[in-house]
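Below: the structure, in structure tokens.
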Amino acid sequence: MATLVKTNSGTWKAVIRKQGWPITSETFRSKRDATDWTRSAEDEMVRGVYISRAGAERLTVKDALQRYLVEVTPIKKPTTQRSEKITAEHLIGFLDKYSMVALSGDLAALYRDHCVSTGRSNNTARIELAMLSKTYFAVEEAGWGYREARHKKSPIRINVWKAIRFAQQTSGSTVRQKYLPAV
């Protein structure tokens, strides 16, 4: 059974209490959004497929990267450890407050553009996004902080970075061949 309550700040809080399920609540800006969410959540509970996404929504990029540096990076070579720490600092500086669930191809493209505009090469941006991708899948595989990451309806389920395109860079040999006369 769902209960909708208007809060002092003008938002709507939906609370679902159903036997056999933990108490679930969510806050929305409009009453219609709250009603829609309660209907879909209760329907999923009846069918037995409801997954609480609260843990996944709370896990930020900063928290995930810091945990990756503590748990995964120490087993790598020292040179890789140093480069991953620097890469993590760049990623945290730009994406720290984002939830892991909120990551998208558009956000990755925005980060790529930011890297290029600050003077870093496309390859540097590609390497940094690759580390974020590794962190993303470490979260999914290990279920850091939530179990629904292993479920097929996981909020984290696709590699958004595979769709990002980078400008083609010409190698030095191609440039030399183009501008140097043939001997």
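Annotations
- Packing rank of 21-31, 102-112, 2-12, where each peptide gets the mean count of other beta carbons within 10 Å, highest leading: 102-112, 21-31, 2-12
- Relative compactness, region 26-79, computed as alpha-carbon Rg over 2.2 N^0.38 Å: 1.83
- Two-site FRET efficiency, ARG58 against ALA142, from Cβ-Cβ distance with R₀ of 25 Å, rounded to 0.05: 0.95
- Linear extension gain, VAL70 paired with SER30, 0.36 nm per residue minus alpha-carbon span: 10.4 nm
- Listed cross-link partners LYS6/LYS31; LYS85/LYS134; LYS62/LYS134; LYS97/LYS134; LYS13/LYS62 are compared with a 20 Å cut-off, the Cα-Cα value being larger for LYS13/LYS62.
- Converting phi to 3J(HN,Hα) with the Karplus coefficients 6.51, -1.76 and 1.60 and the offset θ = phi - 60°, region 72-80 yields 9, 4, x, 8, 9, 4, x, 5, 5 Hz in sequence order, with x at every glycine or proline.
- Over 19 Å [Cα-Cα, region 2-50], rounded percent: 22 percent
- Cβ-based exposure ranking for HIS90, HIS114, in which fewest neighbours within 10 Å come first: HIS114, HIS90
- Sequence-distant aspartates and glutamates (8 or more away, or on other chains) whose Cα lies within less than 15 Å of LYS76: GLU84
- Length added when fully stretched, VAL15-THR3, from 0.36 nm per residue minus Cα-Cα: 3.8 nm
FYI, it's all coordinate maths here, none of it is from the lab. Owing to the predicted nature of the structure, the values given are computational and were not obtained by experimental measurement. Positions of Cβ are generated from backbone atoms using ideal geometry, with glycine treated the same way; all protein chains shown enter the neighbour counts.
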